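Visitor: Take a look at this one; I'll ask things after.
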Amino acid sequence: MFLLLPFDSLVVNLLGISITVLFTLLLVFIIVPAIFGVSFGIRKVYMKTLLKIFQWATLRIERGAKEKNHPLYKPYVNGIIAKEPTSLEEEIKELRRSGSGRALDTPEFELSDIFYFCRKGIETIMDDEVTKRFSAEELESWNLLSRTNYNFQYISLRLTVLWGLGVLIRYCFLLPLRIALAFTGISLLVTGTTVVGYLPNGRCKDFLSKHVHLMCYRICVRALTAIITYHDRENRPRNGGICVANHTSPIDVIILASDGYYAMVGQIHGGLMGVIQRAMVKACPHVWFERSEVKDRHLVARRLTEHVQDKSKLPILIFPEGTCINNTSVMMFKKGSFEIGATVYPVAIKYDPQFGDAFWNSSKYGMVTYLLRMMTSWAIVCSVWYLPPMTRQPEEDAVQFANRVKSAIARQGGLVDLLWDGGLKREKVKDAFKEEQQKLYSKMIVGSHEDRSRS
Amino acid sequence: GCPQGPRPVTSVLALAVTSEQIEHLHRRFKQLSQDQLTIRKENFDSIPDLEFNPIRGKIVHAFFDKRNLRQESDGLADEINFEDFLTIMSYFRPIEMNMDEEQLDRFRKEKLKFLFHMYDSDHDGKITLQEYRNVVEELLSGNPHLEKESARSIADGAMMEAASICVGQMGPDQVYEGITFEDFLKMWQGIDIETKMHVRFLNVDTIAHCY
């Protein structure tokens, strides 16, 4: 045992030195720039290098597949057409409602009923989910994440090695680095805001709280290696306004808040989130609701209105869709935020799926799993567009205003503007349901017919 | 089938879809036709989801209906090529923001004409009671317990209502021949089909180029 001692101490020394070096690098290259808001441009170089590697990998796959004469799978993750997730009953009701406006509770057969089946038929002809799509011509660029590619078995040894290297880098180098950064960011946020909370109210406190928030969000952005391009920054939200954006993942908050000063709105959670929320509100006024208060729409509207009317308070950040959407479409905006009567600053956020899919499917992954997935991707690349402010015109109501804002956001981000409620995401339309639909339809018509003939 | 001479490509250009979307549709066409230049009715059997659709027959028929293919002659084509395929798809394109009143009206008429042809299976320009009954029976065919009588009476009731909208009060010995296209248009007056009868493409090519 004594023979190993000098060797032991050598190992310990080496470990100590490397950790110190790592942390110094961390501090110099990431944390200090985050505090002052400058950037060395490391992430952009990283992104360009990655792209070159991806292109090479894609070429290798195509060449390999051609040699072995296998057709490649080109997974259209979302299909090529936007299928609205509505049920038969709702659609038929909607069709009839827009028609004669007759009583909806007695569905009789109407000429318009044929629409639903006609459209569904054409949709399946255009794009069938069951049939896989083969594409020999060009493959989307593979980003070395096996979770996004089904052609994995057709690659050469060189590519496998590269992929293995990628896994090593992502899990053993990037992941610990990112976790360390995230940890630093969150703890700085909590301690910073608590400390600022002790200061007396005034300009100094406001200034410090804004900058503490900003600094910590910037560190978190680097923790995710998020490469964000902001467009039209002159339209950024001002005090007394409401900032409205489309929602793809919880990261949206960090992305927006690292480029501006916002007041957050949300429900108080327990655990770590709760600690963060309680600390944040000490430094500057955010709008947090208890779980019981969330249901009371008038209370919510009143508190938001109070906040907005006070011009010294920061603009509110709201995601009106209410849930995360997969970043190809914009679903119905809930009208609550649009009734308040403040200036609305729309923001469109669009993620580049090449580097990692940022969509949070909350029915599939929990928050922690999702964050781990994000931290083990290469990077998160997105674009943010600040659209010019909008106000509600006198002749439109809240719903029309909401739809107008939604269309503007969808158009800017290149997303499809869908009418239906994002809440439908959780209710999957089952496959067996398709067969039931015919039976359901006929039951609907026949049932009411019998009712009528009986009465 | 008889060889078709070259036709002007204006119908394709009027589609107002991007070249990327045309590429997608072309790939789909090749898949359905199994790499041939034309599609026949049998090729639609390879779509499993279509089996569940009660008016499957009518939809497939619509693809080969020469009236929908904007050909002068009448009847059914035996096979269609890619341009015909696109022509049929163009009936389902969504409205664009910058359409004026006249364009919207023409748009609407086109879509309604497509539907009219679906009902009018003998191509005589009128939807007779028998044809209406056919459609209702097909739509309700998913329910095996449904008696033919019920379907028939539903169709009859609906037809009577249609007659009352189109012709108003009929005398006791007046016979309602069938719904013509003008009457058909009248029935759809309030209904906003332009926004319902379309299929939207996802904008797969508008990934933000952030670099």
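Visitor: With a 1.4 Å probe and all protein chains left in place, how much accessible area per residue does segment A:157-424 have, in Å²?
Guide: For segment A:157-424, the solvent-accessible area averages 44 Å² per residue.
Visitor: Could you size up the charge dipole of segment A:157-424 around its Cα centre, putting +1 on the beta carbon of Lys and Arg and -1 on that of Asp and Glu, and report it in debye to the nearest 20?
Guide: Result for segment A:157-424 is approximately 620 debye, rounded to the nearest 20.
Visitor: Let me ask something additional. Where in segment A:197-293 are there GluC sites (Glu not before Pro) that are in a DSSP coil and have at most 14 other Cβ atoms within 10 angstrom of their Cβ?
Guide: Answer in residue order: A:E290.
Visitor: Could you rank the peptides A:249-256, A:398-405, A:203-210 by their average count of other C-beta atoms within 10 Å per residue, with the highest value first?
Guide: Taking the mean over residues of other Cβ atoms within 10 Å, the ranking is A:249-256, A:398-405, A:203-210.
Visitor: If you count only protein heavy atoms and use a 1.4 Å probe, how large is the accessible surface of B:H123, to the nearest 10 Å²?
Guide: It works out to around 40 Å².
Visitor: If you don't mind, another one. How many nm is it between the label spots at A:R278 and A:V45, if each spot is 7 Å from the Cα in line with the beta carbon?
Guide: 4.4 nm
Visitor: Something else now. Calculate the all-directions average of the projected area of segment A:205-317's alpha-carbon convex hull, and give it in nm².
Guide: If I average the Cα hull's projected area over directions, I get 7.7 nm².
Visitor: Looking only at other chains, what is the average number of their beta-carbon atoms within 10 angstrom of each beta-carbon in B:24-34?
Guide: Neighbouring Cβ atoms belonging to other protein chains average 3 per residue here.
Visitor: With a 1.4 Å probe and all protein chains left in place, how much of the accessible area of segment A:157-424 comes from carbon and sulfur atoms, in whole percent?
Guide: Roughly 62 percent of what the probe reaches on segment A:157-424 is carbon or sulfur.
Visitor: Within segment B:32-104, report the trypsin sites (Lys or Arg not before Pro) that DSSP leaves as loop and that have at most 14 other Cβ atoms within 10 Å.
Guide: B:R70
Visitor: Any idea of A:H298's accessible area? Nearest 10 Å², probe 1.4 Å.
Guide: Counting only protein heavy atoms, the figure is 150 Å².
Visitor: Same structure, new question: Take A:H231 and A:K66, extend 7 Å from each Cα along the Cα→Cβ direction, and tell me the distance between the two endpoints in nm.
Guide: If labels sit at A:H231 and A:K66, their model points lie 3.5 nm apart.
Visitor: Only bridges with both residues in segment A:157-424 count here: give the DSSP antiparallel percent, nearest 5.
Guide: So the antiparallel bridges in segment A:157-424 amount to around 25 percent.
Visitor: Additional query: For peptide B:44-51, compute the average count of partner chain beta-carbon atoms within 10 Å of each residue's beta-carbon.
Guide: The per-residue average across the peptide is 5.
Visitor: Additional query: Mind listing the phi-derived Karplus ³J(HN,Hα) values for segment B:82-95, rounded to whole Hz, using 6.51, -1.76 and 1.60 with θ = phi - 60°, and x for any glycine or proline?
Guide: Taking θ as phi minus 60°, the curve returns 5, 5, 4, 4, 5, 4, 5, 4, 5, 5, 10, 7, x, 6 Hz for segment B:82-95.
Visitor: Expressed as a whole number of Å, what is the distance separating the alpha-carbon centroids of segment A:230-258 and segment B:85-159?
Guide: Here the answer is 46 Å between Cα centres.
Visitor: For segment A:157-424, what is the convex hull (Cα atoms) projected area averaged across all directions, in square nanometres?
Guide: It is 15.3 nm².
Visitor: On to the next question. Calculated FRET efficiency, A:N13 and A:Y198, Cβ-Cβ r, R0 41 Å, to nearest 0.05?
Guide: 0.50
Visitor: Then there is this: Sequence-distant or interchain residues sharing an amide H contact under 5 Å with A:I227, placed H: which?
Guide: Excluding prolines and chain starts, which carry no amide H, the hits are A:I380, A:V381, A:C382.
Visitor: Let me confirm one metric for peptide B:109-120, namely the mean number of other chain beta-carbon atoms within 10 Å of its residues' beta-carbons.
Guide: Neighbouring Cβ atoms belonging to other protein chains average 1 per residue here.
Visitor: If ligands, DNA and RNA are left out, what is the accessible area of A:L22 with a 1.4 Å probe, given in Å² to the nearest 10?
Guide: 80 Å²
Visitor: Probe radius 1.4 Å, ligands and nucleic acids left out: can you give me the accessible area buried at the A-B interface, summed over both chains, in Å² to the nearest hundred?
Guide: Separately minus together, A and B give about 5700 Å² buried.
The values are calculated or read from the model by the stated rules, or taken from the named source; none is laboratory data. Note that the structure is a prediction, hence the values are computed from the model and not measured. Heads up, the Cβs are rebuilt from the backbone with ideal geometry, glycines too, and the neighbour counts pull from every protein chain shown. To get the accessible areas, we keep the full protein, side chains included, count just its heavy atoms, and leave off ligands, DNA and RNA. Shrake-Rupley method; radii C 1.70, N 1.55, O 1.52, S 1.80 Å.
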